[in-house]
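Take a look at the structure below.
The values are calculated or read from the model by the stated rules, or taken from the named source; none is laboratory data. Only a predicted model underlies this, so the values are computations on that prediction, with no experimental measurement involved. Quick reminder, even Gly has a Cβ in these numbers, built from the backbone with ideal geometry, and neighbours come from all protein chains shown. Surface areas here come from the heavy atoms of the whole protein model, side chains and all, with no ligands, DNA or RNA. Shrake-Rupley method; radii C 1.70, N 1.55, O 1.52, S 1.80 Å.
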Amino acid sequence: RHRLFTGSTIRRIAKKELKSPIVFHAASAGEFEQIKPVLRGRSKTNTIIQTFFSPTIYNKEKESKLFDYCCYHPFDFPWTAYLFFKRIKPVKYIINRHDIWPHHIFFAKKFNVQIIYINANLKSDSLRLNPIFKSFHKWLFKKIDIIIAPSNKIKNRFDKYLDLDNVMVCQD
């Protein structure tokens with residue numbers, strides 16, 4: 001139920017003085033664990049806004065000192081994605097592992113937000129590679145500025161099947 005009031009939390013954050021905000025999104029506890037080393041090594045020159053999808057990790061980490069503000073990630077409707085980027089005005093949108101939100105990626109590009117997909121995964125049997133969905137995902141992943149894969153095997157899959165040239169490798 002608390003998740004339904006995401007918009008009011010985002011409006012409250014947007015009223016603060018945000019210095020070149022960077023949005024980090026982690027859907028779950030496991031994805032947040034992968035982001036923690038990046039958050040620990042950050043400089044204090046940017047405002048960090050951490051978004052979660054899971055209420056479990058949100059309730060556990062919402063008071064963490066690793067970021068400046070925290071909120072639920074809005075659902076991937078065109079109007080919620082548009083309002084999110086219009087209000088927050090981030091300079092970067094960093095997504096992790098599995099959570100690719102098409103409307104959020106589309107509106108991030110419309111607002112000239114750099115999109116970074118870290119710990120990117122593309123399994124060989126992924127539905128993203130199914131001929132029915134492949135052209136859509138190719139279009140979607142080309143909107144992402146930097147894709148960081150955890151292995152050469154995954155990078156090669158992105159390159160081969162989706163014809164991407166914005167993929168680099170960085171171990172977990």
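Points worth noting:
- Residue in the range 51-63 that is out of contact with any Phe, Trp or Tyr (no Cβ under 8 Å at 6 or more places or on another chain), among the aromatic types (Phe, Trp, Tyr) and surrounded by 17 or more Cβ atoms within 10 Å (Cβ to Cβ) present: no
- Matching residues in the range 97-137 - criterion: being more than 25 Å from VAL38 (Cα to Cα) and exposed (fewer than 15 other Cβ atoms within 10 Å of the Cβ): LYS110, SER124, ASP125, SER126, LEU127, ASN130, PRO131, ILE132, PHE133, SER135, PHE136
- Number of the condition not met by LYS86 [criteria: (1) within 19 Å of PHE106 (Cβ to Cβ); (2) of a type in the set (Lys, Arg); (3) surrounded by 14 or more Cβ atoms within 10 Å (Cβ to Cβ)]: (3)
- Residue within the range 144-152 that is within 22 Å of PRO37 (Cα to Cα), modelled with pLDDT under 90 and open to solvent by 60 Å² or more (accessible area, probe 1.4 Å) present: no
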